[in-house]
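Notes follow the structure.
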Amino acid sequence: MPRALTGCGTALVTPFTAQGDVDEAALRRLVEWQIAEGVHFLVPCGSTGEAATLSLAEHCRVVEITAEVAEGRVPVVAGAGTNDTSRAIALSREVQSAGATHLLHVSPAYNRPPQRGIVAHFRAIADAVDLPIVVYNVPGRTASNIEARTTLVLAEHPRIVAIKEASGNLAQVTTILRERPTEFSVLSGDDALTLPIMAAGGDGVVSVVSNATPRLMARLVDMCASGDFSGARQLAMRLTPWFEAAFIDSNPIPVKAALAMMGRIQNRLRLPLVPLTDQHNAPLKAALAAAGAIPA
């Protein structure tokens, strides 16, 4: 069987207007550009999309716009995670109605459930919804790791089809890759680890940097998928300054600044996030120029 989800998926930013509303026109342009540049799927309303500060209506509207523009050309993997299982189920149903094709669910933050609680959380969601689920492991935000054995237990559920792995633990990722079901996808949750994870047998990336460099990240993943690791290595080296600059401050602060430099969105964030400080503008511009996203 083919893997459930492969390629480069962009963890979309949510553009805002000067008045603080969702900038629907900018979002539509961004989604269309991403697809035209070759990304393989889209991930609205994750942490990069500032989902934590979106109202329910805004959250659903962002997913709806993304799905409308995509028109079935690429999957729409909508963030629906919270640390309250019943709310996560309710939000999943809302974004399904808005047009999502897949759901992205993060491990519960703050509660810090044990591994058996993580299993119970994801199974309860998967039993209650119709869409395939991508598990998101990001200990740096949630303060709890989804262990490899837990991921493999979750992979037994027919609606849990992939993991976005952002633990930074390559040994853990390798264990999952070695023992996963054939159709279960393993996606890097760290841009800089795309190459090593795919070299080990991974299936792609959910990318932050592809907001600004979609064609290059899609090409990197395509090279890895085709076995051209020499070409992929050269491209990854070219992108490394951008990988680093994109996380010079809390995500999505740098990538929103980058997109504003490119004229694609306004550099607006919602508190408690604040714009990039002036001292970081020069290295960010240099990294974007090195990647070819803006003139040198």
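Just so you know, all these numbers are worked out from the coordinates, no wet-lab data involved. All values reported here derive from a predicted model rather than from experimental measurement. FYI the Cβ positions are ideal-geometry reconstructions off the backbone, even for glycines, and counts take in every protein chain you see.
Just a few scattered comments:
- Relative intensity of the stretch 4-74 on a log10 scale, I(q)/I(0) at q = 0.17, 0.24 Å⁻¹, equals -0.57, -1.10, per a Debye sum over C-alpha point scatterers of equal strength in the absence of solvent.
- Subtracting the Cα-Cα distance of Ala171 and Ser226 from 0.36 nm times their residue separation leaves 17.4 nm of extension gain.
- Once the Cα-Cα distance is subtracted from the 0.36 nm per residue extended length, the Arg270 to Glu244 segment shows a gain of 7.1 nm.
- Packing-based exposure ordering (other Cβ within 10 Å, fewest first) of Met217, Met262: Met262, Met217
- Fraction of the pair-distance distribution of the stretch 4-139 above 24 Å, Cα-Cα pairs, percent: 27 percent
- The packing ranking of peptides 8-14, 277-283, 120-126, 66-72, highest mean first, is 8-14, 120-126, 66-72, 277-283, where packing means the average number of other beta carbon atoms within 10 angstrom of each residue.
- Gain on full extension, evaluated as 0.36 nm per residue between Thr17 and His157 minus their Cα-Cα distance, stands at 46.3 nm.
- Basic side chains Lys and Arg get +1 at the Cβ, acidic Asp and Glu get -1 at the Cβ, and with that the dipole of the stretch 7-233 about its Cα centre reaches some 540 debye.
- Global form of the chain, assessed from the alpha-carbon gyration tensor, a/c cut-off 1.5: oblate
- Summed residue charge, Cβ within 14 Å of Ala67's Cβ, Lys/Arg positive, Asp/Glu negative: -3
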